[in-house]
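The values are calculated or read from the model by the stated rules, or taken from the named source; none is laboratory data. Model, not experiment: these values are computed from the prediction. Every residue, glycine among them, receives a Cβ derived from its backbone with ideal geometry; neighbour counts consider all protein chains shown. Surface areas here come from the heavy atoms of the whole protein model, side chains and all, with no ligands, DNA or RNA. Shrake-Rupley method; radii C 1.70, N 1.55, O 1.52, S 1.80 Å.
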Amino acid sequence: MEHLINANVQNIEVSGIRKFYNMVSHIDDVISFTIGQPDFQTPEHVKLAGIKAIEENFTSYTPNAGISELRIAACNFVKKKYGLSYEPESEVIVTIGASQAIDISFRTILTEGSEVILPAPIYPGYEPIIHMCGAVPVQVDIRNNQFRFTLEMIKPYISDKTRCIVLPYPSNPTGVSLTANELKEIAVYLKEREIFVLADEIYSELLYDQPHTSIASFLKEKTIVINGLSKSHSMTGWRIGFLFAPESITKHIVKVHQYNVSCVNSIAQKAALEALTTGIDDAIPMKEEYSLRRDYVYNRLTAMGVNVIKPDGAFYFFVKIPDFIPLNSFDFALELVHQAKVAVVPGSAFSDYGEGYFRLSFACSLETLENGLNRMEKFINMKNPHS
């Protein structure tokens with residue numbers, strides 16, 4: 001019966017991140033820098049709000065787009081943080097994490113043969129959905145532009161088939177973001193073109209050296225903003241995301257959302273309401289700790305002599321494998337985990353343009369980072385014929 005399965009589904013692969021994680025998770029004494037999972041606990045007051053919702057029997061269906069007070073809180077949050085103005089009743093949808101928001105956005109705006117322009121290397125969660133929609137992902141190699149997905153990189157790939165440009169910033173896997181000026185240049189260029197922007201801003205609260213700017217502040221009418229609480233409030237398992245867009249777009253996306261999931265978990269919505277109100281600044285102490293870790297990892301990696309770009313945000317380094325190690329990224333990661341007991345994600349998990357790199361997550365304690373980087377340094381020195 002396998003031949004009857006949708007070909008668009010048959011041809012997609014399981015995420016390379018999860019595939020490698022599952023492959024090495026059984027190995028003893030491994031220090032893992034693989035999964036993008038915050039090592040902080042969900043704030044206590046947020047957990048208590050979830051418990052209270054259960055105790056008060058808030059366990060029924062909610063409106064498709066989410067409970068009204070949560071949509072109000074979400075709009076207030078992005079207004080205060082990023083200066084974005086959205087109508088709670090018509091321009092925000094509460095989703096099951098950012099992943100579902102991406103899915104329903106693509107399924108609403110893409111048609112057979114339309115093209116989506118993406119930076120590469122890139123998180124592997126976009127292309128499979130694009131393929132399932134019958135659309136075509138168009139990758140832009142940004143390796144030689146300091147991993148910056150700027151207008152000059154985008155323009156050569158615009159065609160009459162272009163339906164959407166994906167702007168994920170700060171980026172997974174590179175941690176690189178875009179400045180307000182860079183975003184404004186893209187917005188001005190797209191102003192008169194019939195092209196959507198999907199701005200995945202899930203790491204917006206984890207930007208270290210500059211305030212986060214959303215391209216929606218320059219191009220609201222064509223932009224779908226994706227955000228959520230997984231990274232900012234360490235709520236990955238609660239599965240709360242948000243989709244912001246003009247009513248002309250959301251009125252169609254909410255139809256896909258309705259038949260996809262009906263509504264988001266009611267308990268999680270109450271916890272999210274607490275996170276966005278009382279916990280509006282919960283990300284700040286986490287960000288301060290991540291910043292210390294980022295600087296520590298950067299100094300350690302550069303001292304090892306590896307080629308690395310210091311990330312602006314998120315909690316990842318995308319590291320070039322030293323030229324003196326003649327291994328592809330998968331084999332490098334495999335040797336590293338078996339010989340040094342350190343797990344990283346092969347760069348090839350982030351498209352072909354990630355080959356020759358590996359992703360290192362610093363969402364773990366300084367002590368863990370120190371121990372893991374000590375092991376990594378020893379491994380690299382062992383491989384270096386000049387050391």
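So V94 fits all but one of (1) in a strand (DSSP E or B); (2) open to solvent by 20 Å² or more (accessible area, probe 1.4 Å); what number is the exception?
For V94, the exception is condition (2).
Which residue, of N11, N22, is open to solvent by 70 Å² or more (accessible area, probe 1.4 Å) and farther than 26 Å from R293 by Cβ?
On the way: N22 fails: farther than 26 Å from R293 by Cβ.
Testing whether each residue is open to solvent by 70 Å² or more (accessible area, probe 1.4 Å) and farther than 26 Å from R293 by Cβ leaves just N11.
Being open to solvent by 60 Å² or more (accessible area, probe 1.4 Å) and in a helix (DSSP H, G or I) is the filter here; which residues of segment 261-286 pass it? Spell out the reasoning first.
Of the residues in segment 261-286, the ones open to solvent by 60 Å² or more (accessible area, probe 1.4 Å) are 265, 277-278, 281, 284-285.
Hits for segment 261-286 are I284, P285.
Please give the number of the condition N299 fails out of (1) part of a helix (DSSP H, G or I); (2) over 22 Å from Q146 (Cβ atoms); (3) open to solvent by 60 Å² or more (accessible area, probe 1.4 Å); (4) not hydroxyl-bearing (S, T, Y).
(2)
Looking only at residues in segment 361-387 that are among the aliphatic types (A, V, I, L, M) and either closer than 13 Å to V30 by Cβ or touching a Leu at 6+ places or on another chain (Cβ under 8 Å) (or both), which one is surrounded by the most Cβ atoms within 10 Å (Cβ to Cβ)?
At the first step, the residues of segment 361-387 found to be among the aliphatic types (A, V, I, L, M) are 363, 366, 369, 373, 376, 380, 382.
Then drop every residue that is not either closer than 13 Å to V30 by Cβ or touching a Leu at 6+ places or on another chain (Cβ under 8 Å) (or both), which leaves 366, 373, 376.
Details: L366: 13, L373: 22, M376: 24.
Applying the filter and picking the extreme gives M376.
Does any residue in segment 242-267 that is within 12 Å of R107 (Cα to Cα) come within less than 8 Å, Cβ to Cβ, of a residue that is part of a loop (DSSP other than H, G, I, E, B) and among the polar types (S, T, N, Q) six or more places away or on a different chain, and which pairs are these?
Once the first residue is within 12 Å of R107 (Cα to Cα) and sits in segment 242-267, its partners that are part of a loop (DSSP other than H, G, I, E, B) and among the polar types (S, T, N, Q) give V254/N64; H257/N64.
Take S291 and decide whether it is surrounded by fewer than 22 Cβ atoms within 10 Å (Cβ to Cβ), closer than 16 Å to F33 by Cβ and small (G, A, S).
no
Y203 - would you say it is assigned to a loop (DSSP other than H, G, I, E, B) and either open to solvent by less than 20 Å² (accessible area, probe 1.4 Å) or within 27 Å of S248 (Cβ to Cβ) (or both)?
Working: assigned to a loop (DSSP other than H, G, I, E, B): yes; either open to solvent by less than 20 Å² (accessible area, probe 1.4 Å) or within 27 Å of S248 (Cβ to Cβ) (or both): yes.
Criteria met by Y203.
Say whether the condition of being in a loop (DSSP other than H, G, I, E, B), of a type in the set (G, A, S) and modelled with pLDDT of 95 or more is met by at least one residue in segment 236-251. Explain how you work it out, then say what you get.
We begin by selecting, within segment 236-251, every residue in a loop (DSSP other than H, G, I, E, B); these are 239-240, 245-246.
Add one more test, that the residue is of a type in the set (G, A, S), and what stays is 245.
Next, from what is left, pick out any that are modelled with pLDDT of 95 or more: 245.
Within segment 236-251, one or more residues are in a loop (DSSP other than H, G, I, E, B), of a type in the set (G, A, S) and modelled with pLDDT of 95 or more.
What is the number of the single condition among (1) under 30 Å from D295 (Cβ atoms); (2) open to solvent by 20 Å² or more (accessible area, probe 1.4 Å); (3) in contact (Cβ under 8 Å) with a residue 40 or more places away in the chain; (4) of a type outside the set (V, I, T) that A120 does not meet?
(2)
Return a yes/no flag: does segment 26-47 have any residue that is in a helix (DSSP H, G or I), surrounded by 22 or more Cβ atoms within 10 Å (Cβ to Cβ) and in contact with a helix residue (DSSP H, G or I) (Cβ under 8 Å, 6 or more places away or on another chain).
Step one: of segment 26-47, the residues in a helix (DSSP H, G or I) are 44-47.
If we keep only those that are surrounded by 22 or more Cβ atoms within 10 Å (Cβ to Cβ) as well, we get 46.
Within this subset, residues satisfying the condition of being in contact with a helix residue (DSSP H, G or I) (Cβ under 8 Å, 6 or more places away or on another chain) are 46.
For segment 26-47, residues in a helix (DSSP H, G or I), surrounded by 22 or more Cβ atoms within 10 Å (Cβ to Cβ) and in contact with a helix residue (DSSP H, G or I) (Cβ under 8 Å, 6 or more places away or on another chain): present.
Regarding segment 336-349, can at least one residue be identified that is in a helix (DSSP H, G or I), open to solvent by less than 70 Å² (accessible area, probe 1.4 Å) and of a type in the set (S, T, Y)?
From segment 336-349, those in a helix (DSSP H, G or I) are 336-340, 347-349; that's our starting set.
Imposing the further condition that a residue be open to solvent by less than 70 Å² (accessible area, probe 1.4 Å) reduces the set to 336-337, 340, 347-349.
From what's left, of a type in the set (S, T, Y): 348.
Looking through segment 336-349, at least one residue is in a helix (DSSP H, G or I), open to solvent by less than 70 Å² (accessible area, probe 1.4 Å) and of a type in the set (S, T, Y).
In segment 134-150, what residues are open to solvent by 30 Å² or more (accessible area, probe 1.4 Å) and either farther than 23 Å from G175 by Cα or in a helix (DSSP H, G or I) (or both)?
Result: V136, R143, N144, N145.
Restricted to segment 61-76, and to residues that are farther than 17 Å from W238 by Cα and open to solvent by 20 Å² or more (accessible area, probe 1.4 Å), which residue is nearest to the chain's Cα centre (by Cα)?
So the residue we want is N76.
Go through segment 151-180 and count every residue that is closer than 24 Å to F318 by Cα, open to solvent by 10 Å² or more (accessible area, probe 1.4 Å) and either among the acidic types (D, E) or part of a helix (DSSP H, G or I) (or both).
Of the residues in that region, 4 qualify.
Could you tell me whether segment 107-123 includes any residue that is modelled with pLDDT of 95 or more, over 17 Å from the mean Cα position of the chain (by Cα) and farther than 27 Å from Q258 by Cα?
no
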